[in-house]
């Protein structure tokens, strides 16, 4: 696949790439693949490889896992500028982006729980109507909260009602005024490459923040990439469809669009992508069993030399 090597010439004179793991578990062989592809691309083109710690969800982030990230990547032979960017140090920047979207009238507090969403969708589908689902298979949010008055929203929030802040996708698309696309130099799950038409509407009213998490992955990664001047986003093909949401947020917030290189995943014997819950595939576990960095790269589908 074209993005699984470092031969393609970058569009920018000095590319900046990043590997951005979450410290909520041990890195596995799939992470090694993505980190190494980023690092090799940067080195091949006299660019910069950044390490970012995506600890926006402070309830799940653990310092021991962050330490393990540094140890694993260093053992594999990677290096990066220090200090690293930690999302937990930048909540104010995410709040500023949310405030901008509120000013545009594109955010609303959503009060339905997962169980209530499921019940609502089940009722709709029991009457023979097919309810839309996002690319990950989750049902679109019913959106009944959109019609609440500001006074009712304020009352519920003041009462402590659990809620998330969702993007009013239809309102965002109605005011778009242009077609969105991105430059894909890797490949999507079905071999998509070249200029890809973005389809953010496929995701429905995505969550951009929760009461206990100040920004969703979609929002925080978009802000971080812009602030760090990332020129090339090199990541797994499981995030290919998410790029549509990121392109929409970039447009709404006036942020630059990097190039994208989605790469194939490392899968287990049954074809499933690797998970942090499977400790047997963690880099630390394999290292303790006597595997070498070269062995890990081979398991990741990469050669020692690149």
Result of the Cβ filter at 7 Å on segment 282-304, keeping first residues that are on the phi > 0 side of the Ramachandran plot and in contact (Cβ under 8 Å) with a residue 60 or more places away in the chain and partners that are surrounded by 15 or more Cβ atoms within 10 Å (Cβ to Cβ) and part of a loop (DSSP other than H, G, I, E, B), at least 6 apart or interchain, is 301/266
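Quick grid of which residues meet (1) modelled with pLDDT of 95 or more; (2) over 27 Å from residue 240 (Cα atoms); (3) loosely packed, with under 14 Cβ neighbours inside 10 Å:
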| site | (1), (2), (3) |
| --- | --- |
| 96 | yes, no, yes |
| 125 | no, yes, yes |
| 130 | no, no, yes |
| 135 | yes, no, no |
| 140 | yes, no, no |
| 164 | yes, no, no |
| 171 | yes, no, no |
| 175 | no, no, yes |
Among the residues of segment 143-152, the number that are within 24 Å of residue 124 (Cβ to Cβ) and either part of a helix (DSSP H, G or I) or not assigned by TED's automatic domain parsing to the domain that holds residue 171 (or both) is 5
Among 68, 42, the single one that is crowded, with 18+ Cβ neighbours inside 10 Å, part of a helix (DSSP H, G or I), out of contact with any strand residue (DSSP E or B) (no Cβ under 6 Å at 6 or more places or on another chain) and modelled with pLDDT of 95 or more is 68
State yes or no: is residue 217 at pLDDT 95 or above and touching a helix residue (DSSP H, G or I) at 6+ places or on another chain (Cβ under 7 Å)?
no
(message) Please verify whether residue 224 is touching a strand residue (DSSP E or B) at 6+ places or on another chain (Cβ under 8 Å), outside the structural domain of residue 20 (by TED's automatic domain parsing), in a helix (DSSP H, G or I) and crowded, with 22+ Cβ neighbours inside 10 Å, treating the condition exactly as stated.
(response) yes
The residue from 297, 302, 252 that alone is within 29 Å of residue 229 (Cα to Cα), over 19 Å from the mean Cα position of the chain (by Cα) and either assigned to a loop (DSSP other than H, G, I, E, B) or in the same structural domain as residue 222 (by TED's automatic domain parsing) (or both) is 302
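Condition check ((1) modelled with pLDDT of 95 or more; (2) within 20 Å of residue 84 (Cβ to Cβ); (3) out of contact with any helix residue (DSSP H, G or I) (no Cβ under 6 Å at 6 or more places or on another chain)) across all residues:
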| residue | (1), (2), (3) |
| --- | --- |
| 6 | no, no, no |
| 12 | no, no, yes |
| 18 | yes, yes, yes |
| 34 | yes, yes, yes |
| 37 | yes, yes, yes |
| 46 | yes, no, yes |
- [ ] For segment 201-217, indicate whether the set of residues that are free of Cβ contacts under 8 Å to residues at least 24 places away in the same chain, in contact with a strand residue (DSSP E or B) (Cβ under 7 Å, 6 or more places away or on another chain) and outside any loop (DSSP other than H, G, I, E, B) is non-empty.
- [x] no
Counting only residues in segment 71-87 that are surrounded by 15 or more Cβ atoms within 10 Å (Cβ to Cβ) and farther than 14 Å from residue 31 by Cα, the one nearest to the chain's Cα centre (by Cα) is identified as 87
Within segment 263-279, is even one residue assigned to a helix (DSSP H, G or I) and either under 21 Å from residue 98 (Cβ atoms) or modelled with pLDDT under 95 (or both)?
yes
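The values are calculated or read from the model by the stated rules, or taken from the named source; none is laboratory data. What you see is a predicted model; the values in this text were computed from it and never measured. In this analysis, Cβ positions are derived from the backbone assuming ideal geometry, glycine residues included, and neighbour counts consider all displayed protein chains.
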